[in-house]
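The values are calculated or read from the model by the stated rules, or taken from the named source; none is laboratory data. None of these values were measured; they are calculated from a predicted model. Methodologically, a virtual Cβ is constructed for each residue, glycine included, from the backbone with ideal geometry; neighbour enumeration extends over all protein chains shown.
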Amino acid sequence: MLLAAQAPSLWAATTGLKYISTSGDYIGQGLSQTLTAPAATVTASGGERDAHLSVTDPNNWWYLDFAAPVGGKLAPGSYANAARYPFNSPLGSGLSMSGNGRGCNTLLGWFKVLEYQRDSDGKVSKLAIDFLQKCEVSGPPLYGAVRYNSKFALTVPDVAAIAGADFGLIAGEVGTLDGSQSFGRKKGRLTYQWTQLDGPAVTLSSTTVSQPSFTAPTVPLSGASLRFQLTVTDKVGVVATDDVVVVVQSPDAPRTEISFHGDKGDYITGGRSYKFSPNNASIGFSRNFSGGVSASVSGDSWWYFDTATPTGTSYKRGTYKNAQRFPFQDATSPGLSLYGDGRGCNTLSGKFTVNQLKFDSSGNPTKLDITFEQHCEGGQPAAYGQVLLNAVPAATLAQQLRAARQRYASQAE
């Protein structure tokens, strides 16, 4: 995600912090302040994906943290949906400005890296970052800019276009672009303009709203990337831009994904739908102590999935009915369990089908396609799901849901 770059200043390098706190903001107490070296002491440290600064003078002690998602590098660009560092999801960006005895419990924010350089010893040599944070996610905003030996002027932007984090879709799915975090510091309505820059052409539901939707196009087996640019203009004509990339995957391409949905009244899902892939979560697969297969999801949500065949049988392709809650199933029954985010069944009934399966020489799964149905406490409401690892699904979760609903409808007649 790239924003229109601020031009470096022609003046000497600047080191310091400037912030503008709006009324009601807990951190800045509604005040504005500029602290620059040498009157203020500014220190900076960091690694490939994170940077940390302290800005102090006799009356102030401020601490700032910025982090890219795990696997990424802190580099020029925009980082949306930042959560409080260091408690942010490893797949999301982290941000925090705290000090003078105050800090957010939680926060939602954004930051834009203008420059970030380290010397041959790994020490931070140049840094320029603009940022926005809202305590408790929806609190009054604090706008800021921090510089370390930088020729980018120490100014807080009047307007920022925030096109959101890059994301992925399967061809045929409906996706939504999200520019709703864009801001203008001056009162008045922002105007939005979305433009597609690259990739197979799609039709947006609107090009002038903050959150337009579109249907992912048909793509080759290798997939395709769509790039969109958001242009935001405030009431006095100040303009900012940001880009977002949507990676579209063919439904016929092998993929790794855990998805599930629940009927109304299902305790585990609350009747909601969930879908996790490497784009939005960390997904792991392993063999469990019963010789079955387990999967886990971590990030903003935490979910666990376990299956096992009856004692003394090998784990292989097929349908396993009359499953009981793993790992408390009896010796003649298969085991099954989907639980997470603080919810689990005391007892359950269900079934699962292993459609595709492959293990490596060490016995670890390398290819999976498992569909399942789970009922907590013997009730009729169910959770239905699909677990994929490097596989093209034999049947989609939507097809599984339709079949289940038809089955229940026929039973009710």
I'm trying to understand the selection: among the residues of region 292-323, which are within 18 Å of SER277 (Cα to Cα), hydroxyl-bearing (Ser, Thr, Tyr) and either modelled with pLDDT of 95 or more or surrounded by 21 or more Cβ atoms within 10 Å (Cβ to Cβ) (or both)?
SER294, SER296, TYR304
In region 224-236, is there at least one residue being surrounded by fewer than 15 Cβ atoms within 10 Å (Cβ to Cβ), of a type in the set (Asp, Glu) and not assigned by the TED database to the domain that holds PRO140?
no
Checking ALA75 against (1) buried (at least 22 other Cβ atoms within 10 Å of the Cβ); (2) over 15 Å from the mean Cα position of the chain (by Cα); (3) among the hydrophobic types (A, V, I, L, M, F, W, C), the condition it does not meet:
(1)
The conditions are (1) under 27 Å from GLN29 (Cβ atoms); (2) in a loop (DSSP other than H, G, I, E, B); (3) in contact (Cβ under 8 Å) with a residue 24 or more places away in the chain, and GLY92 fails exactly one of them. Which is it?
(1)
Any idea which of (1) more than 30 Å from PHE305 (Cα to Cα); (2) at pLDDT 95 or above is the one GLY223 doesn't satisfy?
(1)
Unmet requirement for ASN100, which otherwise passes all of (1) at pLDDT below 95; (2) closer than 28 Å to LYS186 by Cβ
(1)
Within the bounds of region 170-186, is there any residue that is farther than 17 Å from LEU230 by Cα, at pLDDT 95 or above and in a strand (DSSP E or B)?
yes
Quick one: which strands (runs of 3 or more DSSP E) lie wholly within region 238-315 and hold at least 1 residues that are of a type in the set (A, V, I, L, M, F, W, C) and in contact with a Lys or Arg (Cβ under 9 Å, 6 or more places away or on another chain)?
239-249, 255-262, 293-298
Find all pairs meeting these conditions: Cβ atoms under 6 angstrom apart; at least six residues apart or on different chains; first residue within region 99-116 and part of a loop (DSSP other than H, G, I, E, B); second residue among the charged types (D, E, K, R).
CYS104/ARG84; THR106/ARG84; THR106/GLU136
